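For reference, the structure is listed below as structure tokens.
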Amino acid sequence: MEAIMLIAAGVLFSLALACATLGIHGLVIGRLPGQWLQRHVKQPRAWGAGALLLVVGSFWSATLAVIGVGLLAIGHVRTPAS
């Protein structure tokens, strides 16, 4: 049982690290790596901020996690205003 919990914690930490890395990349540079993400995300900066808030919120505050999910959705759907 202890080994399963350790593996699960490692997987969750790896996912959080990947999400934080993609969030920082999208927020700072304004582009996301990979063709799939570039095709589907219309506002990479909002998406990146949402990914960072989701990671932070998953450890500290459910409110931040919900705001992060909302920003992720906005980054996917909303086209940039010109």
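Applying both filters, DSSP loop and at most 16 other Cβ atoms within 10 Å, to the chymotrypsin sites (Phe, Trp or Tyr not before Pro) of the stretch 25-82 gives Trp60.
Thinking of the chain as a set of Cα atoms, what percent of all their pairs are more than 17 Å apart? So the portion of pairs separated by more than 17 Å is 49 percent.
Label positions at Arg78 and Ala62, each projected 7 Å from the Cα along the C-beta direction, are separated by 2.5 nm. Enter the angle in degrees (range 0 to 90, nearest 10) between the Cα long axis of helix 62-77 and the first principal axis of the Cα atoms of the chain, meaning the one along which they spread out most. Compared with the principal axis, the helix lies near 40 degrees.
Just so you know, all these numbers are worked out from the coordinates, no wet-lab data involved. Remember, predicted model here, so these are calculated numbers, not experimental data. Here Cβ is always computed from backbone atoms with ideal geometry, including for glycine, and neighbour counts include all displayed protein chains.
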